[in-house]
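Structure, as structure tokens:
The values are calculated or read from the model by the stated rules, or taken from the named source; none is laboratory data. The shown structure was predicted, so the numbers you read here are calculated from the model rather than taken from an experiment. All Cβ positions, even for glycine, are placed from backbone atoms using ideal geometry, and neighbour counts span all protein chains on display. To get the accessible areas, we keep the full protein, side chains included, count just its heavy atoms, and leave off ligands, DNA and RNA. Shrake-Rupley method; radii C 1.70, N 1.55, O 1.52, S 1.80 Å.
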Amino acid sequence: MQILIRQATIDDKKAIWDFIEVAYGDHAKEKIPVRWNWQFYDHPLTNKSQKALPIYIAIKDGHIVGQLCAIQIYMKIGEEIYPAVAGCDFIVLPECR
């Protein structure tokens, strides 16, 4: 079983949404489209001039079988504020666990 892991781009959106529908079934509507668009594309800290998303996908036989996402945030340490990310939405299909 060879799996490719790469950073997703906006061009992967349909494939990611298809993956989420498989992974979540009837609960997919809680993840897509509104929440997903806000978290990963319309988020105020997302740089829309880049096609890359804060999502890494695992691909097997041309299909997404897993993902790891991040939400861009700012973190205050002492008096300084730094850009950072918070991990979220780590999903792996049961057959690939």
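Some notes on this structure:
- When region 35-58 is limited to residues that are in a strand (DSSP E or B) and β-branched (Val, Ile, Thr), the one that is nearest to Ile91 (Cα to Cα) turns out to be Ile57.
- Within region 54-85, if we keep just the residues that are open to solvent by 40 Å² or more (accessible area, probe 1.4 Å) and small (Gly, Ala, Ser), the residue that is nearest to Thr9 (Cα to Cα) turns out to be Gly62.
- Filtered by the rule that a residue be of a type in the set (A, V, I, L, M, F, W, C) and touching a Phe, Trp or Tyr at 6+ places or on another chain (Cβ under 6 Å), region 6-54 gives Ile32, Leu53.
- Residue within region 46-53 that is surrounded by 13 or more Cβ atoms within 10 Å (Cβ to Cβ) and without any contact (Cβ under 8 Å) to a residue 12 or more places away in the chain present: no
- Test: residue in region 2-13 that is surrounded by 13 or more Cβ atoms within 10 Å (Cβ to Cβ), hydrophobic (A, V, I, L, M, F, W, C) and without any contact (Cβ under 8 Å) to a residue 12 or more places away in the chain: no
- Contact annotation: residue pairs with Cβ atoms under 6 Å, 6 or more positions apart or on different chains, pairing a residue in region 72-97 that is closer than 16 Å to Ile20 by Cβ with a partner that is of a type in the set (S, T, N, Q) and in a strand (DSSP E or B), are Ile91/Gln67.
- Screening Lys51 against (1) under 16 Å from Arg6 (Cβ atoms); (2) modelled with pLDDT of 95 or more leaves a single unmet condition, (2).
- Among the residues making up region 54-66, those that are of a type outside the set (A, V, I, L, M, F, W, C) and touching a helix residue (DSSP H, G or I) at 6+ places or on another chain (Cβ under 7 Å) are Pro54, Lys60, Gly66.
- Checked against the criterion of being of a type in the set (Gly, Ala, Ser), surrounded by 13 or more Cβ atoms within 10 Å (Cβ to Cβ), free of Cβ contacts under 8 Å to residues at least 60 places away in the same chain and assigned to a helix (DSSP H, G or I), region 19-34 contains one or more residues that satisfy it.
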